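Structure record follows, encoded as structure tokens.
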Amino acid sequence: LGTVDGNDYSMTITHTPSTPVCADDAFEDNDTFVTPTAITTGTHAALRSCPSDQDFYSIALVAGDVITVSLTFTHSEGDIDVYLADSTGTIVTSSETTTDNESLTHTVVTGGTFLILVNFWEEFGVTVGNDYSMTITVPSP
């Protein structure tokens, strides 16, 4: 009689890669024009733009105000664009470049609540989405 060392066996290994998630920033849930986050002038840092997740901000402006909205980000991590809509929802100006950073300026004709829309246009980087900071200025008349 002989002896056989060990046992026969089979093994199956299944690997399910995790789906990368784009982390929300502190201003969420501001994903639609009916749920904008009210915002003031100044610099707002640590913001995040995610695919399929637009960011809407609202700001009250009066006739004669000149608003400038500047976004600072690294384009190689993803393309971000910025739009300004008046109180009727009409886009009055935008910035849609394919480089780092975006900036728009608009002189308000009719006052009201304006919407700033930040749109993640295209993914390029190793992380999902892109970080940005937003500076809003409205000089006193």
**OP:** Among the residues of the stretch 74-85, count how many are open to solvent by 10 Å² or more (accessible area, probe 1.4 Å) and farther than 12 Å from Phe114 by Cα.
**Re:** 4
Original post:
Can you find even one residue in the stretch 43-54 that is within 20 Å of Leu115 (Cβ to Cβ), of a type in the set (Gly, Ala, Ser) and over 13 Å from the mean Cα position of the chain (by Cα)?
Top reply: no
Subject >> Positions within the stretch 115-141 being part of a strand (DSSP E or B) and out of contact with any Asp or Glu (no Cβ under 6 Å at 6 or more places or on another chain), in sequence order >> reply: Leu115, Ile116, Leu117, Phe120, Glu123, Asp131, Tyr132, Ser133, Met134, Thr135, Ile136, Thr137
**OP:** Go through (1) β-branched (Val, Ile, Thr); (2) touching a strand residue (DSSP E or B) at 6+ places or on another chain (Cβ under 6 Å); (3) within 14 Å of Asp131 (Cα to Cα) and name the single condition Thr113 misses.
**Re:** (3)
Original post:
Among Thr99, Thr105, which is open to solvent by 40 Å² or more (accessible area, probe 1.4 Å), assigned to a strand (DSSP E or B), free of Cβ contacts under 8 Å to residues at least 40 places away in the same chain and within 16 Å of Ser70 (Cβ to Cβ)?
Top reply: Thr105
Original post:
Does Thr32 satisfy being within 23 Å of Asn101 (Cα to Cα), at pLDDT below 90 and open to solvent by 50 Å² or more (accessible area, probe 1.4 Å)?
Top reply: yes
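The values are calculated or read from the model by the stated rules, or taken from the named source; none is laboratory data. Computed from a prediction, not measured in an experiment: that's the story for all the values here. No Cβ is skipped: glycine too gets one built from the backbone with ideal geometry, and neighbour counts run over all protein chains shown. For the accessible areas, the whole protein counts, side chains as well, though only heavy atoms, and no ligand, DNA or RNA atoms are used. Shrake-Rupley method; radii C 1.70, N 1.55, O 1.52, S 1.80 Å.
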